[in-house]
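First the structure, in the form of structure tokens, and then the observations on it.
Rule-based calculations on the coordinates, nothing more; no lab input. Everything numeric in this text was worked out from a predicted model, so none of it was measured. Using ideal geometry, Cβ is built from the backbone for each residue, glycine included, and neighbour counts are taken over all protein chains shown.
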Amino acid sequence: MSFIDRNLRQDVTYWAPTSAPNRYGQEGFEAPVKLRGRWEEHETQVRNAQGDIVTSTTRVFLNQKVAIQGRLVLGDLTGSATPPEDSREIQGFEVSPDLRSLAEQNQAYL
């Protein structure tokens with residue numbers, strides 16, 4: 001287990017966006033997945049999926065990659081088929097290697 005993974009001590013629930021709209025033309029989400037993470041209130045500017053610069057108020061370190069426009073919430077809410085109202089949309093995502101290039105650090109910006 002890497003240094004990064006050892007420090008991801010919080011449960012975070014992730015809803016990935018569906019790859020295609022449903023038969024009614026609505027976007028949806030895959031089944032929720034519980035991830036290990038570190039949730040931080042951290043204000044920074046990121047470029048969203050539309051190419052606009054937006055202010056992110058939360059940074060979440062995660063143990064796997066996630067998709068922009070997915071939803072995250074702090075805690076284990078895998079029993080909920082749809083994201084709750086207080087879930088947050090992923091505005092930006094980046095991956096960077098650790099100093100020895102042995103592990104990747106995944107960061108989602110909400």
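Observations on the structure shown:
- Number of residues in the stretch 26-71 that are crowded, with 17+ Cβ neighbours inside 10 Å and in contact with a Ser or Thr (Cβ under 9 Å, 6 or more places away or on another chain) equals 8.
- Filter result for the condition that a residue is within 10 Å of the chain's Cα centre (by Cα) and closer than 20 Å to Asp5 by Cα, over Leu72, Leu99: Leu72
- Residue count, the stretch 20-60 (criterion: touching a strand residue (DSSP E or B) at 6+ places or on another chain (Cβ under 9 Å) and among the small types (Gly, Ala, Ser)): 5
- Residue that is surrounded by the most Cβ atoms within 10 Å (Cβ to Cβ) [pool: residues in the stretch 87-110 that are part of a loop (DSSP other than H, G, I, E, B) and touching a Leu at 6+ places or on another chain (Cβ under 9 Å)]: Ile90
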